[in-house]
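See below for the structure under consideration.
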C-alpha cells in the first residue's frame, strides 16, 4: 500500500513545524531580552560618562572641596565599600544558618511559614529600616558600643570614643545586613532544597550525622548559589540610600572606626542629600561619583561571576 508524502515518517507534520516555529520565536525573544539588558547597561554607562565628563576634565579647585575629583569621590567610595562589606560579613553567616534551618532542620509545618516571613523582609521599604535603625537599634546599641570601646578599644574598629546617639557605621552595617538577608536567603534556600536526594541519603546511609551530611553534600552543592546571592546582596548594600542617609552621622572622615560619631558618608547617600540643592559643575561631580559606584558594582558582579564559573569548572572536573 502506498503512502503519501505527508505521511512519510521523515517529513515533519504540521504540529512539529508549529513546535519548531514556537522554539524559534522563544529563542528570538530570549535573545532580544538579553540584548536589551546589555543595551540598557551600555546606555546607562554612556549617560553617566557624558554627564560626568565636565567634572572629570574640570580644574581641581572647581570641584566641591577644592581638592579635585578623586579627593571628592574617594571618601564616599570608602564609606560605601565599608558599610557594604560590614553588612555582607554579618548577613552571610546569618543567611546560611537561616537557609539550613528552613530546609533541613525545621519541621515542615514551620519551614514554609518561616520562609514566607523571611521573604517578607524584602518587601519592607528601606526608609522603614532607616527609621527602625535610628529609633530602635541605634539607642539600643549605645551600651554595646560603649562596652566595645572600653574593652576592645585596642582594635582600630572599636577605637572609640563611642557615639552617644548610636548613629554609627556599625548600626548602618547591622541595618543593611537585615535588608539584604532575604535576598541571600531566598537564593541559597532554593538551591539547598534541590540537593540531590541520592547524595543526602547516601551520606546518611554511610553513618553521617545530619551536620556531616550537610557539610559534605548540601554546602558543596549550594556553594555557587551562596556566592551569587551574596553578590546580589552586596550590590543592594552598595547602592542603599535612604536607610544610610537617615541613620549615619556624617563627618566626611576616612576611618575604620565603626562606633564613633565621625563617619564617612556613602556615594548614594551623598547624592541623595546634595543633588536637590546642587547646580552646574556640582551636579556633574555628583554624577561622576555615581559613575564610580556603577563601576564598583559592575566589578563586584564580574568578580562574583568569575568565581562562580571557577567553582563550577572545578566541580565538573
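The values are calculated or read from the model by the stated rules, or taken from the named source; none is laboratory data. What you see is a predicted model, and the numbers here were worked out from it, not measured in a lab. Methodologically, a virtual Cβ is constructed for each residue, glycine included, from the backbone with ideal geometry; neighbour enumeration extends over all protein chains shown.
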Quiz item: Condition test on residue 167, is it more than 13 Å from residue 87 (Cβ to Cβ), assigned by TED's automatic domain parsing to the domain that holds residue 245 and assigned to a helix (DSSP H, G or I)?
Solution: no
Self-check item: Members of the stretch 214-251 that are surrounded by fewer than 20 Cβ atoms within 10 Å (Cβ to Cβ), in contact with a helix residue (DSSP H, G or I) (Cβ under 6 Å, 6 or more places away or on another chain) and outside any helix (DSSP H, G or I)
Solution: 241
Exercise. Kindly indicate which of 290, 280 is loosely packed, with under 15 Cβ neighbours inside 10 Å, in the same structural domain as residue 225 (by TED's automatic domain parsing) and closer than 21 Å to residue 60 by Cα.
Key: 280
Exercise. Within the stretch 252-269, track down each residue that is in contact with a strand residue (DSSP E or B) (Cβ under 8 Å, 6 or more places away or on another chain) and part of a helix (DSSP H, G or I).
Key: 269
Quiz item: Of these, 181, 157, 174, which one is out of contact with any helix residue (DSSP H, G or I) (no Cβ under 8 Å at 6 or more places or on another chain), surrounded by 14 or more Cβ atoms within 10 Å (Cβ to Cβ) and part of a helix (DSSP H, G or I)?
Solution: 157
Practice problem: Scan the stretch 210-227 and report the pairs whose first residue is free of Cβ contacts under 8 Å to residues at least 24 places away in the same chain and whose second residue is in a helix (DSSP H, G or I), with Cβ atoms within less than 6 Å and a gap of 6+ or a chain change. | Solution: 213/200; 213/203; 213/204; 216/203; 217/199; 217/200; 217/203
